[in-house]
1. How many residues are under 15 Å from Leu99 (Cα atoms) and either among the aliphatic types (A, V, I, L, M) or not in a loop (DSSP other than H, G, I, E, B) (or both) when one looks only at segment 162-176?
2. Quick check on segment 50-64: of everything there that is small (Gly, Ala, Ser) and touching a strand residue (DSSP E or B) at 6+ places or on another chain (Cβ under 9 Å), which residue is nearest to Ile8 (Cα to Cα)?
3. Can you tell me which residues in segment 65-79 are in contact with a strand residue (DSSP E or B) (Cβ under 8 Å, 6 or more places away or on another chain), in contact (Cβ under 8 Å) with a residue 40 or more places away in the chain and over 22 Å from Phe112 (Cα atoms)?
4. Would you say Phe112 is under 16 Å from the mean Cα position of the chain (by Cα), in contact (Cβ under 8 Å) with a residue 40 or more places away in the chain and surrounded by 15 or more Cβ atoms within 10 Å (Cβ to Cβ)?
5. Out of all the residues in segment 133-143, is one or more under 27 Å from Asp6 (Cα atoms) and surrounded by 15 or more Cβ atoms within 10 Å (Cβ to Cβ)?
6. So which of Asp102, Asp57 ends up being in contact (Cβ under 8 Å) with a residue 60 or more places away in the chain and of a type in the set (D, E, K, R)?
Amino acid sequence: MGKFSDTIQPSHQAFIEHQKMFFVASAPLGGDGHVNLSPKGLDSFRVLSPSVVAYLDITGSGNETSAHLLENGRITFMFCAFDGPPNILRLYGRGRAVLPQDAVWAGLAPLFSLPLATRQIIVADIHKVQTSCGFSVPLYEYTGERDHGDKWAEKKGAEGLEAYRQEKNRISIDGLPTALF
């Protein structure tokens, strides 16, 4: 079952900061809704305190996390050791989307390098931290970040990105509204 903590300990934070990728999971309340699980990369995750985290959310083909957080707030983050000693760390919490027009944006935005495709910052209050063995997670070698997203966003431009978000990011696949609109 792993070891549990109510807060992010210094060793947890050091592990998180070493990882090049993490996963975000959320789900609607309805039993027939779709659970969303998204891989995230870049230098986009920050531990703000022992009980608060944030990540920079980039425009994508959907906006499920935003819709689920708006509906019920539940969120889980998972980090896996793909190098070094085996370990899996999960953060359980309640989150919210912070948009550029929100008052707290000005305090959060400087924590990140904001690419053109920046959509929102997801902030979560963490109430449980779990570590487990990770013995069956394979070893992988990190070779770098992809630049496809930046090139795609540059080609679309600011107005094209806004139009894309209007078309693709307003409603979840289950018909729930997102925080963007």
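1. So the first thing to find is which residues in segment 162-176 are under 15 Å from Leu99 (Cα atoms), and the list is 162, 165-166, 169-170.
Narrowing further to those that are either among the aliphatic types (A, V, I, L, M) or not in a loop (DSSP other than H, G, I, E, B) (or both): 162, 165-166.
Within segment 162-176, residues that are under 15 Å from Leu99 (Cα atoms) and either among the aliphatic types (A, V, I, L, M) or not in a loop (DSSP other than H, G, I, E, B) (or both) number 3.
2. From segment 50-64, those small (Gly, Ala, Ser) are 51, 54, 60-62; that's our starting set.
After this cut, where a residue has to be touching a strand residue (DSSP E or B) at 6+ places or on another chain (Cβ under 9 Å) as well, the list is 51, 54, 60, 62.
On the way: Ser51: 6, Ala54: 13, Gly60: 29, Gly62: 29 Å.
Restricting to residues being small (Gly, Ala, Ser) and touching a strand residue (DSSP E or B) at 6+ places or on another chain (Cβ under 9 Å), the top hit is Ser51.
3. Taking segment 65-79 first, the residues in contact with a strand residue (DSSP E or B) (Cβ under 8 Å, 6 or more places away or on another chain) are 65-70, 73-79.
Subsequent filtering for residues that are in contact (Cβ under 8 Å) with a residue 40 or more places away in the chain retains 65-70, 74-79.
Once the filter is applied, which keeps residues that are in contact with a strand residue (DSSP E or B) (Cβ under 8 Å, 6 or more places away or on another chain), in contact (Cβ under 8 Å) with a residue 40 or more places away in the chain and over 22 Å from Phe112 (Cα atoms), segment 65-79 yields Ala67, His68, Leu70, Arg74.
4. Values: under 16 Å from the mean Cα position of the chain (by Cα): yes; in contact (Cβ under 8 Å) with a residue 40 or more places away in the chain: yes; surrounded by 15 or more Cβ atoms within 10 Å (Cβ to Cβ): yes.
Yes.
5. At the first step, the residues of segment 133-143 found to be under 27 Å from Asp6 (Cα atoms) are 133-137.
Now drop any that are not surrounded by 15 or more Cβ atoms within 10 Å (Cβ to Cβ), which leaves 134.
Among the residues of segment 133-143, at least one is under 27 Å from Asp6 (Cα atoms) and surrounded by 15 or more Cβ atoms within 10 Å (Cβ to Cβ), which makes the answer yes.
6. Numbers: Asp102 fails: in contact (Cβ under 8 Å) with a residue 60 or more places away in the chain.
It is Asp57.
Every read-out reported here was derived from the displayed coordinates using simple, explicitly stated rules and does not represent laboratory data. Remember, predicted model here, so these are calculated numbers, not experimental data. Positions of Cβ are backbone-derived with ideal geometry, glycine not excepted, and every protein chain shown enters the neighbour counts.
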